[in-house]
Amino acid sequence: MVVIILEKVPTSLRGDLTRWMLELHTGVFVGTLKPLVRQKLWARVCGAMKGGAGILVYDARNEQGFEVEFWGGTNRWIVDRDGLKLVQLPEKA
């Protein structure tokens, strides 16, 4: 299973993505894609964000069972803690 979450992207990009995936909520897409299709689609999405941001989550053979990739200006990032990937948020001022 593949999940793509998009923020502040052009409506045309979201419409284009619905050709391959189901948009469950605004900017939240879910589908089953082969790895090559997922990679090419993610590259296409990243190239068309125009200042937006995106998160890609997909199945992987690791302890957690998934991988996470970020693109664009998100306020989150991945931190590796002894092989576990955790999401880190900025500290509140």
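The values are calculated or read from the model by the stated rules, or taken from the named source; none is laboratory data. Since we're looking at a predicted model, the values are computed, not measured. Methodologically, a virtual Cβ is constructed for each residue, glycine included, from the backbone with ideal geometry; neighbour enumeration extends over all protein chains shown.
Key figures for this structure:
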| item | result |
| --- | --- |
| Answer residue from the range 51-63, given it is out of contact with any Lys or Arg (no Cβ under 6 Å at 6 or more places or on another chain), part of a loop (DSSP other than H, G, I, E, B) and at pLDDT 90 or above and is surrounded by the most Cβ atoms within 10 Å (Cβ to Cβ) among those | A60 |
| Residues being closer than 15 Å to T32 by Cβ and surrounded by 14 or more Cβ atoms within 10 Å (Cβ to Cβ) - total across the range 1-20 | 5 |
| Filter result (outside any strand (DSSP E or B), touching a residue at least 24 places away in the same chain (Cβ under 8 Å), in contact with a strand residue (DSSP E or B) (Cβ under 6 Å, 6 or more places away or on another chain) and closer than 12 Å to M1 by Cα) within the range 16-50 | L33, R38 |
| E69 loosely packed, with under 15 Cβ neighbours inside 10 Å, closer than 25 Å to G15 by Cβ and in contact with a Leu (Cβ under 7 Å, 6 or more places away or on another chain) | yes |
